[in-house]
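See below for the structure under consideration.
Values in this text are rule-based calculations from the coordinates and carry no lab data. In this text, all values refer to a predicted model and were calculated from it rather than measured experimentally. Virtual Cβ from ideal backbone geometry, glycine too; neighbours counted across all protein chains shown.
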Amino acid sequence: MSRIFSGAQPSGALHIGNFYGAMQQWVALEKEPGNETIFCVVDAHAITVEYEAKDLPKRVFEAAAGYLAAGLNPEKSIVFIQSDVKEHMELSWYLTTLTMMGELNRMTQFKEKSEQHQENNNAGLFTYPVLMAADILLYKADLIPVGEDQVQHLELARDICRRFNHRFGKVFPEPKPRLSSAPRIMGLDGKHKMSKSRGNTIDLEDSPKVIEKKLKGAFTDPLKVALGSPGRPEVCNIFTLHKAASSPEVVAEVDRDCRSGALPCGTCKMRLRDAMLADLQPVQERYVELRKKPSLVTEAVAQGAERARAIAKSTMADVYGAMGLTSSSQKVPT
Ligand code: TYM
């Protein structure tokens, strides 16, 4: 039995990088008997970059709706919004005292983001990975399904966890990352990771027509120039997506026929389109339902927050005890 925790930032529409990189695993892990699954919309992380306060509630709603549309069942999983459970921010502070400046300085995502947001290089952007460690440790989670870009943050969370346990006694299990078969999906531009901020995404709610158009324009192996020339699946983003969306038989066929030159990129892309549409159709149907009845989303996250708070309070009691931060009545030295 595992306790699973993961989350995504409310960055607007969810895309297939989120879906195949992480969320499909969330749903699969929820279905495995015996697992306890907890999924959070991390709005407190999202405010580390410039944002409009008036737009944030809508973005949070969209993300929560996306979790349910992707197939999470809020009766089983705890689905909630990070800022509804204040203990995340509280534990994060305590963990900053166990985190070295040098460790945070080495985070590649911090380096990238502080480059991108030079006008707003705030301390929250720097301590972002500590809040992420707090998210995980607050629920004593042991398995964290994420895309590859989050692995360095998870390594830091493990180091913080070990340091806490070593210094104050064992309170937390060590969280391990779990990667999908498509842990790094590139954007349609072929230059960067697929991400909302780069505008290079296929979104979960894109229509079949839009998906087809976007796939047609997507990059493949740059050396496979002529029709009939052999390709290299290992460098092709379309092949990475096949690994996530197609059956193992189709993946093996695509691999073989791409290498031999028998499979033109256009045909390969249309096979991928069909596999992706089969995955996305039920997601899009659920989106339609949730948009008709938004209370399904708001009620799910309200109930999720209550369940999350109960676990968070109990963990914080362990943390106060372990760190010597006892309640005021016990503070009088004896
Ligand atoms: P975020 O919001 O950037 O992405 C959510 C999840 O989607 C994965 N992902 C991808 N996987 C493969 N290819 C891509 N192009 C791609 N784009 C996104 C991410 O790896 C992630 O799993 N810091 C986290 C959110 C977070 C979190 C946590 C995650 C906060 N606290 C605790 C796990 C545990 C983030 O910004 O993810």
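For residue 193, the residues 5 or more places off, or on other chains, whose built amide H falls under 5 Å of its own are 187.
Pairs exceeding 23 Å between alpha-carbon atoms, taken from 86/292; 111/191; 76/193; 58/196: 86/292; 76/193.
Distant-in-sequence amide contacts of residue 7, defined by a placed amide H-H separation under 5 Å and a gap of 5 or more residues or a different chain, comprise 40. Overall, the anisotropy analysis places segment 36-177 in the oblate class: the square-rooted eigenvalues a ≥ b ≥ c of its C-alpha gyration tensor yield a/c not less than 1.5, with a/b not exceeding b/c.
Each residue of segment 258-270 was assigned a 3J(HN,Hα) from its phi angle through the Karplus curve 6.51 cos²θ - 1.76 cosθ + 1.60 (θ = phi - 60°); the sequence is 6, 4, 7, x, 6, 9, x, 4, x, 5, 4, 5, 6 Hz, with glycine and proline shown as x. Taking Cα atoms only, the orientation of helix 56-70 departs from the longest principal axis of the chain by about 60 degrees.
Across segment 205-289, how many lysine pairs separated by 8 or more positions, or lying on different chains, have Cα atoms within less than 18 Å? For segment 205-289, the number of qualifying lysine pairs is 7.
Which distance in Å, rounded to a whole number, links the C-alpha centroids of segment 106-169 and segment 10-41? That distance is 19 Å. Between the Cα long axis of helix 295-323 and the first principal axis of the chain there is an angle of about 50°, rounded to the nearest 10. Of the residues 211, 222, 265, the one whose Cα sits farthest toward the positive end of the charge dipole of segment 205-289, with +1 on the Cβ of Lys and Arg and -1 on the Cβ of Asp and Glu, is 222. Extension gain, residue 1 to residue 115, is 36.9 nm, computed as 0.36 nm per intervening residue step minus the present C-alpha separation. Take every pair of alpha-carbon atoms less than 8 Å apart whose residues are at least six positions apart; their mean separation over the length of segment 205-289 yields a relative contact order of 33 percent. Shown for 323, 107: other C-beta atoms within 10 Å of each C-beta, ranked fewest to most, produce the order 323, 107.
Close amide H contacts of residue 15 (hydrogens built in the peptide plane, cut-off under 5 Å, sequence separation of 5 or more or a different chain): 204. Using the Karplus relation 6.51 cos²θ - 1.76 cosθ + 1.60 with θ = phi - 60°, the per-residue 3J(HN,Hα) values for segment 210-223 come to 5, 4, 4, 4, 5, 5, 4, x, 6, 6, 10, 5, x, 8 Hz, with x marking Gly and Pro.
Residue exposure proxy: 178, 162, ordered by other Cβ atoms within 10 angstrom of their Cβ from fewest to most, comes out as 162, 178. What 222 nm value per residue comes from the helices of the chain, counting each DSSP H run with n ≥ 4 as -39,500 (n - 2.57) and dividing by all residues, nearest 500 deg cm²/dmol? It comes out at -16500 deg cm²/dmol, rounded to the nearest 500. With neighbour counts taken as other beta-carbon atoms within 10 Å, the residues 265, 40 rank, fewest first, as 265, 40. Across the chain, the mean sequence separation of Cα contacts (distance under 8 Å, 6 or more residues apart), normalised by length, yields a relative contact order of 22 percent. Calculated FRET efficiency, residue 302 to residue 226, Cβ-Cβ distance, R0 = 51 Å: about 0.35 to the nearest 0.05. Within the straight-line cut-off of under 14 Å between alpha carbons, the aspartates and glutamates reachable from residue 31 are 75, sequence neighbours fewer than 8 places apart in one chain being disregarded.
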